[in-house]
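**Q** Sending over a structure as structure tokens; questions will come in a sec.
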């Protein structure tokens, strides 16, 4: 039987065990629908009751443009070395270990500004499940290798290439690029990153096919 979105909801619901907070990672290449899946999953699990699931995207750990300029990496924004991977791993450790104290604050990412924003996402002690998503959750190089140990499961979103590329171009256009600029960025930068992410697919606990993904826009 093919995997459905309802199957994903049931699988995520049982991840927290014996009062312990769990962290679910959702990964995949740029444009595969990670963000949309995470957001829909969190809404479905929380329902209309008290929220017990939090969403903490990896994108809050983008280095600021000023730092990317200093490092000479501005034209490769989105590559693995344009994130604070060690900071992201440290936050995941806190989320797993500091479950009965104060709120843990995570950085967010402003798509219009394309800049990280500190302290934008509160994760209260009542959150029993944290859903985090990003490209490099299963990467095994540098500080990224510290990430996987804090995740209870990692799901890999998979889309046919033509659809993934279409959504990715549309996302860049939505946030201000012309069609030509969007296509150029996707083929020069995003596609290189996508090829790297694809090599991590076999390390995922579950591959999520297009049939199980919500009908999405260009996110993820």
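**Q** Residues in the stretch 20-59 that are outside any strand (DSSP E or B) and in contact (Cβ under 8 Å) with a residue 12 or more places away in the chain: how many?
**A** So the answer is 25.
**Q** Something else: Quick one: in the stretch 116-131, which of the residues that are in contact with a helix residue (DSSP H, G or I) (Cβ under 9 Å, 6 or more places away or on another chain) and over 10 Å from residue 60 (Cβ atoms) is surrounded by the most Cβ atoms within 10 Å (Cβ to Cβ)?
**A** So, considering only residues that are in contact with a helix residue (DSSP H, G or I) (Cβ under 9 Å, 6 or more places away or on another chain) and over 10 Å from residue 60 (Cβ atoms), the one surrounded by the most Cβ atoms within 10 Å (Cβ to Cβ) is 130.
**Q** Against the definition (surrounded by fewer than 13 Cβ atoms within 10 Å (Cβ to Cβ) and out of contact with any helix residue (DSSP H, G or I) (no Cβ under 6 Å at 6 or more places or on another chain)), how does residue 71 come out, yes or no?
**A** yes
**Q** Can you list the helices (runs of 4 or more DSSP H) found entirely within the stretch 132-220 that contain at least 1 residues being more than 26 Å from residue 87 (Cα to Cα) and touching a residue at least 12 places away in the same chain (Cβ under 8 Å)?
**A** Counting at least 1 such residues, we get 161-174, 179-185.
**Q** If you don't mind, another one. Take the stretch 154-204 and flag every residue that is out of contact with any helix residue (DSSP H, G or I) (no Cβ under 8 Å at 6 or more places or on another chain), under 30 Å from residue 128 (Cβ atoms) and surrounded by fewer than 20 Cβ atoms within 10 Å (Cβ to Cβ).
**A** 201, 202
Every number here is computed from the coordinates shown, using simple stated rules; none is lab data. Predicted model, so just to flag it, every value in this text is computed and none were measured. Using ideal geometry, Cβ is built from the backbone for each residue, glycine included, and neighbour counts are taken over all protein chains shown.
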